[in-house]
Amino acid sequence: MSRPRRRLSRVTALYVGGAVLALWAAFPFLWMLSTSLKESSEVFASPPTLVPRRLTLGNFARLLTETNFATYFGNSLTVSFAAVVLTLGVSAVGAYGLTRFRFRDGRRSRRSSCSLTCSRRSWSSSPSTSS
């Protein structure tokens, strides 16, 4: 196989793999959208279908009129915004401290200390194997 054909087959394989992964990731969102546009009887039908037989916006109307959706959504926005502001504040203070700290052997120590700090977080969030 010639070099350009090998490169073309590699690129094609990467794009096909990427498309499969994108569809795999998008499927739950498509299912959620499809379910929101179905009537109640069709949601629980067996076998399930991805494309609704009859489109309806009644579920959205019921969401906005019969529930406290605006309150719940506002609470979610408040908590999310507060978490972002607190995280940015703490991170900015830590980053400022790291930039002002004088390391003895230069950039290598700074880079490794940042890497260890990031990996420590992932280690602490992984489940423990000890009983």
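Where a number appears in this text, it was derived from the coordinates with a stated rule and is not lab data. Computed from a predicted model, the values in this text were never measured in an experiment. So basically every Cβ, Gly included, is an ideal-geometry build from the backbone, and we count neighbours across all protein chains shown.
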> Is it true that some residue in the range 19-33 is surrounded by 10 or more Cβ atoms within 10 Å (Cβ to Cβ) and of a type outside the set (A, V, I, L, M, F, W, C)?
Replying inline: no
>> Of everything in the range 48-92, what is under 24 Å from F29 (Cα atoms) and of a type in the set (G, A, S)? Give them in sequence order.
In response: G58, A61, A70, G74, S76, S80
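Got a number for residues in the range 1-39 being among the hydroxyl-bearing types (S, T, Y), without any contact (Cβ under 8 Å) to a residue 12 or more places away in the chain and outside any loop (DSSP other than H, G, I, E, B)? Give the derivation first.
Here is the first cut: in the range 1-39, the ones among the hydroxyl-bearing types (S, T, Y) are 2, 9, 12, 15, 34-36.
Imposing the further condition that a residue be without any contact (Cβ under 8 Å) to a residue 12 or more places away in the chain reduces the set to 2, 9, 12, 15, 35.
The next check asks that each one be outside any loop (DSSP other than H, G, I, E, B); those that pass are 9, 12, 15, 35.
The total comes to 4.
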>> Whether any residue in the range 42-52 is among the small types (G, A, S) and either surrounded by 10 or more Cβ atoms within 10 Å (Cβ to Cβ) or touching a residue at least 12 places away in the same chain (Cβ under 8 Å) (or both) is what I want to check.
In response: yes
> Do we find that L57 is aliphatic (A, V, I, L, M) and within 24 Å of the chain's Cα centre (by Cα) in this structure?
Replying inline: no
